[in-house]
Amino acid sequence: MQLSQFLDFDAIRVDLAAGNKRQLLNQLSQVAAGRLSLEPSLIADAIAERERIGSTGFGGGVAIPHGKLDALDRIYAMVVRLASPIDYKAIDGAPVDLIFLLLSPPDAGAEHLKALAAVSRLVRHAATVEKLRGARSRDALAAVLIGAEERDAA
């Protein structure tokens, strides 16, 4: 599965300001809800439910908050780069500045895991992560993502 199959390129945010994890997750919920025509609280609740199990702070300044929603009929993802890193209670204790929100229908078990794997493959590549951090616009960030996907497919 490729990131471009489920990533909402128009929802990419660069230099988003969030003071803490709760603010960030609320902002992500607001943006995704607007894009998906859903109530933000549905998304916030799904993400919070997963965070209660354990932090989705992946390490290396990256977080992959994710959740499952009855109201969805497809996998949905958006990417955000924060203006300033925040404490996310990540696995490695490092502050987070790159966030990949992933939402799936409840019955998308295998596809949800494939989508998570696609994101984690991308963020394990240090050069790609640095390029994402250096991207100054939504288009530049999207170009880095597409380039990484093409590199991985080759």
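Taken together, the values in this text are just the output of simple stated rules run on the coordinates, not laboratory data. Everything quoted here is computed from the prediction, not taken from an experiment. Here the Cβ is made from the backbone with ideal geometry for all residues, glycine too, and neighbour counts use every protein chain on show.
Could you give the dipole magnitude of the chain about its Cα centre, charging the beta-carbon of Lys and Arg +1 and that of Asp and Glu -1, in debye to the nearest 20?
Numbers: 18 positive and 19 negative charges, 74 e Å.
The dipole of the chain has a size of about 360 debye.
Name the most mobile residue of A71, A142, A44, meaning the one with the largest mean-square fluctuation, in a Gaussian network model of the chain with Cα contacts below 10 Å. Greatest mean-square fluctuation among the candidates belongs to A71.
Applying a 10 Å radius around every beta-carbon, put 77-83, 9-15, 106-112 in order of their mean neighbour count, most first. Intermediate values should be presented prior to the final figure.
Working: 77-83: 21.0, 9-15: 15.9, 106-112: 13.9.
My ranking of the peptides, most packed first, is 77-83, 9-15, 106-112.
Among rounded, prolate and oblate, which fits the chain when a ≥ b ≥ c are the square roots of the eigenvalues of its C-alpha gyration tensor, a/c under 1.5 means rounded, and a/b larger than b/c means prolate? Rounded is the answer for the chain, as its axis ratio a/c remains below 1.5.
Under a model in which nothing but the beta-carbon of Lys, Arg (+1) and Asp, Glu (-1) is charged, the stretch 78-126 shows a dipole of about 160 debye around its Cα centre. Within the stretch 66-117, DSSP assigns beta bridges of which about 70% are antiparallel (rounded to the nearest 5). Taking a ≥ b ≥ c as the square roots of the eigenvalues of the alpha-carbon gyration tensor, the stretch 31-115 is classed prolate because a/c is 1.5 or more and a/b outweighs b/c. Remark: spin-label model distance E39-D87 equals 3.2 nm, labels positioned 7 Å along the Cα→Cβ axis.
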